[in-house]
Amino acid sequence: MSTPAISVIICSFNRAAYIPLALQSLVNQTAAAAVFETIIVDNNSTDNTRAVCSEFIAAHPQHVIRYYTETQQGSSFARNTGAAVANGALLCFMDDDAIAATDYIQNIISFFKNNPQAHALGGRIIPRYIPAKPKWISYHVASLVGNFDYSKTVTEFAAERYPLESNMIVAKKDFDAIQGFSTAIPGVKGIVRIGGEGKDFFFRLKEKGCRVFYDPAVIVEHIVEVVKLTPEYMYRVASGIGRGERVRMLQVSKWAYYKKLVEYIYKLGGSVVLGTGYALKGNPSQFWPVIQYRIDAIKGLLNR
């Protein structure tokens, strides 16, 4: 069996209803099946994820799809587990409720062929709202549900910008060089979220001199169940960003943490201006969510 060029790692937690769509999107790729392998890492699912994945694997023997479990809760643990068993020179991380475009793998291969100076890559993420996009979601709030469109052309990320974890590719040697994701920022852990694991990962990658690019042709859709977008859910996501920044900044110094707090307060003021602008443009339902986002992020930063 030939060594795959890419290992697609899908970490899953209770997404039995949607992970078949993610897997099917990989089976439907224009790239040859031998070019990539798919690694599923089940992170303590309590639904029938195992059975669903086993059935899918059995039905597609022409594709290399491997199933593992990771009992330590958190996406950082699960992603590191997937990377440890991967055979590809490139690691591609995709969410269990994401759907890859049919040319996804081929476009990743083409990008790295045409850009040998690149160490890592991020792509576009398009929310697929079920049943429809709520009126209260503005451009700035949409980032909380995975919306990501950094540039219309291939470009290198600016110093403070980075890909989102649900559509990111990195050379395995560079992943290993920084020892993968920090488990001090595990992502979702029970009912608590300590997010920003991707930000921490890419900042450490850049500190090593690695170059990170964006290609708008590398596309996944991200399923967003609107019924689940409750205030409690949005708080968990936004406050998780703050909690992750708290961990990351306190690892640097208390002074760095206080500077981050000032930055968050400044951004809260900016969100009031943004929200007011939405209201004045005839979108009053978008006024408060953009402000609440920043309030919740501050609460997370304060560990509340």
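The values are calculated or read from the model by the stated rules, or taken from the named source; none is laboratory data. Predicted model only: the values in this text are computed from it and were never measured. Methodologically, a virtual Cβ is constructed for each residue, glycine included, from the backbone with ideal geometry; neighbour enumeration extends over all protein chains shown.
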Picking from I125, I108, I137, the residue that is surrounded by 17 or more Cβ atoms within 10 Å (Cβ to Cβ) and touching a Cys at 6+ places or on another chain (Cβ under 7 Å) would be I108
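Here is a yes/no grid of residues against (1) of a type in the set (G, A, S); (2) more than 21 Å from I185 (Cα to Cα); (3) in contact with a His (Cβ under 6 Å, 6 or more places away or on another chain):
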position	(1), (2), (3)
E207	no, no, no
R211	no, yes, yes
P231	no, yes, no
I241	no, no, no
G244	yes, no, no
E263	no, no, no
T276	no, yes, no
F287	no, yes, no
Among residues of region 115-141, those that are at pLDDT below 95 and out of contact with any helix residue (DSSP H, G or I) (no Cβ under 7 Å at 6 or more places or on another chain), counted: 1
Could you list, in sequence order, the residues of region 58-71 that are more than 19 Å from the chain's Cα centre (by Cα) and in contact (Cβ under 8 Å) with a residue 12 or more places away in the chain? H60, Q62, H63, V64, I65, R66, Y67, Y68, T69, T71
Residue satisfying all of: in region 258-287; surrounded by fewer than 18 Cβ atoms within 10 Å (Cβ to Cβ) and touching a residue at least 60 places away in the same chain (Cβ under 8 Å); farthest from E232 (Cα to Cα) among these: N283
Show me the strands (runs of 3 or more DSSP E) entirely contained within region 126-243 in which 1 or more residues are over 30 Å from N303 (Cβ atoms). 167-171, 212-225
Residue under evaluation P131, criteria (1) touching a Lys or Arg at 6+ places or on another chain (Cβ under 6 Å); (2) surrounded by fewer than 23 Cβ atoms within 10 Å (Cβ to Cβ), criterion not met: (1)
Take region 186-201 and flag every residue that is buried (at least 22 other Cβ atoms within 10 Å of the Cβ) and under 12 Å from the mean Cα position of the chain (by Cα). G187, G195, G196, E197, G198, F201
Mind checking which residues of region 142-156 are among the β-branched types (V, I, T) and either crowded, with 19+ Cβ neighbours inside 10 Å or under 29 Å from G275 (Cβ atoms) (or both)? V145
Being more than 19 Å from V247 (Cβ to Cβ) and not hydroxyl-bearing (S, T, Y) is the requirement here; does A132 meet it? yes
Could you tell me whether V262 is closer than 30 Å to Q24 by Cα, of a type outside the set (F, W, Y) and not assigned by TED's automatic domain parsing to the domain that holds S151? no
Being crowded, with 17+ Cβ neighbours inside 10 Å, over 15 Å from the mean Cα position of the chain (by Cα) and charged (D, E, K, R) narrows D42, D97 down to just D42
